[in-house]
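Accompanying notes for the structure given below.
The values are calculated or read from the model by the stated rules, or taken from the named source; none is laboratory data. This is a predicted model, so every value here is computed, not measured. Neighbour counts run over all protein chains shown; Cβ positions are idealised from the backbone, glycine included. Heads up: the accessible areas ignore ligands, DNA and RNA and are worked out on the full protein's heavy atoms, side chains in. Shrake-Rupley method; radii C 1.70, N 1.55, O 1.52, S 1.80 Å.
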Amino acid sequence: MRIASTWSFGLRANDAAWPHVEAGRALDAVEAACAWADSAPDVDSVGYGGLPDSSGRVSLDGCMMLSPARCGSVAGLRRHLHPVSVARKVMESTQHVMLVGPDADLFADEHGIAQEELLSPEARAAYEKWLREGGVVDQSRDRAGAPAAHALRPVDRRHGEDGRLFGGGALPADEARWRHHDTIGCLVLDAAGVLAGGCSTSGTPFKTPGRVGDSPIIGHGLYVDPEVGGATATGTGELIMGVCGAFLVVEAMRRGAGVEDAVREAAVRIARSYALEAHHQAAFLAMDRRGNIAAAALRPGYRTSVRDSDGARTAEPVFVAIPD
Ligand code: SD4
C-alpha cells in the first residue's frame, strides 16, 4: 500500500488521498491527490494558480489510467478545474480515451461538473508582468541563464514564508529553481492491490494557445499496466513526448528492469536525444506492481513525495542525468 507523487508539494496531495488508499479505492485516491494540487493556488503549473498561456487564459490537461483497457484523458479544459475528474468520466462513461478543447468542457458540463475560475490573481499578475517584460517564452531562465523575472512571482515566495505546503519548512533552493514545474503525477497501489495513476497540469507557462504537453497523453505523461507497473513524468513535455517517456519506463520494467534502472533509462534517453537548454527539466517516477518506487531526473532539484505504512517522506531521485 503506497502513494507516490511528483515534487515536494505531493506530500499534501498524498495526505488528501491517503484515506482512499487505505480503503482500497485507488481511483478515488488518484483523483483526490490531483484535485488537491489543482485547488492549491500556490502550486503554479497545475489547476487554480496555474500560469496561463500567451493569450492570458489557463488551460488544463490531465489523465487517469488503470490499464491499457481502462484509461481516460482530457486536454485544453478552460472552464473546469479538475482534469483528472473529467478524464475519469471519459474513462467510465464513454467508449473513448481522450476529449479535447471546448467539447471536453461541454462534456464536463453534461456530466454535472461545475465550471470554475481557473486564473488566480497571482497568476494574472505574473502574466501581466511577463507581458510588460517582453513576453520571453522561457520556463525559468533568460537567455543568459539568470532566473527570468517571472520565476520570482509572489506565488513562489509564499512557499518559503509560511511553509504551508512543505511541513513548516521552506522549499529547498534546488527544487525552488523548478517552481514552474508543478505538474502532479501520482501512482497508487491501494490496500486491495490495485495500481492506478493520474497526471494533472496547466502545462508550461505562457505556452502557445492550443499547446498540449505529455501530461494528458497516455504513454507520455502516464502509463499503467497492472501486469508490470506504472510510470508518470513531469517537466518539459516536449522532451518527454519525443521519447514516449512513461511508456518507455514501463516497457523497460516489462523487459525485466527494476524500477531504478527503468527510470534511469528514460532520463538517459532524454539527455541523449536533445540539444538541451538550461531551463529544461524532466523527471520520471515509477512504481512496479509490488509498490517499489524510484525516480530519476534530468537535472538536480526534483523530489518525490511518498506515503505508505512507514509514514510520509520525500525521496531523492536515484539518478540525475546532468548533475550541476
Ligand atoms: C507539460 N509536463 O505540459 C508538463 C509540465 C510539467 O512540471 O510537468 N511541469 O509539459
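Using θ = phi - 60° in the Karplus curve 6.51 cos²θ - 1.76 cosθ + 1.60, the 3J(HN,Hα) couplings for segment 93-101 round to 10, 9, 8, 9, 9, 9, 10, 9, x Hz; x is entered for Gly and Pro.
Note on exposure: E277, E117 ranked by accessible area (1.4 Å probe, complete protein assembly) read E117, E277, with the most exposed listed first. Residue by residue, segment 308-318 carries 3J(HN,Hα) couplings of 7, 5, 8, x, 10, 6, 9, 10, 6, x, 7 Hz when phi is fed to the Karplus relation 6.51 cos²θ - 1.76 cosθ + 1.60 (θ = phi - 60°); x denotes Gly or Pro.
For the chain, with all protein chains in place and a probe radius of 1.4 Å, 51% of the accessible heavy-atom surface sits on carbon or sulfur. Spin-label model, Y274 to E128: label points 7 Å out along the Cα-to-beta-carbon direction sit 3.2 nm apart.
Spin-label pair T94-A191: with each label point 7 Å from Cα along the Cα-Cβ axis, the two points sit 3.4 nm from one another.
Only the Cβ atoms of Lys and Arg (+1) and of Asp and Glu (-1) were treated as charged; on that basis the dipole of the chain about its Cα centre amounts to roughly 420 debye. Here is the P(r) of segment 171-324: all C-alpha pair distances, binned every 5 Å from 0, give 2, 10, 21, 24, 22, 13, 6, 2, 0 in whole percents. In segment 72-131, taking the dipole from charged Cβ atoms about the Cα centre, the farthest positive-side position among H82, W130, P102 is held by W130. At a probe radius of 1.4 angstrom, the accessible area of the chain per residue rounds to 37 square angstrom. Computed over every Cα-Cα pair of the chain and binned at 10 Å starting from 0, the pair-distance distribution P(r) comes out as 7, 31, 38, 21, 3, 0 percent. Legend: P(r) of segment 245-306 from all alpha carbon pair distances, 10 Å bins from 0, whole percents, reading 24, 52, 22, 2. Here the Kirkwood formula puts the hydrodynamic radius of segment 270-319 at 12.3 Å, using every distinct Cα pair.
Computed from phi, the 3J(HN,Hα) profile of segment 25-31 under the Karplus parametrisation 6.51, -1.76, 1.60 (θ = phi - 60°) reads 10, 4, 5, 5, 5, 4, 5 Hz, with x in place of Gly and Pro. Counting only DSSP H runs of at least 4 residues, each contributing -39500 (n - 2.57), and dividing by the residue count of the chain, the helix-based mean residue ellipticity at 222 nm comes to -9500 deg cm²/dmol.
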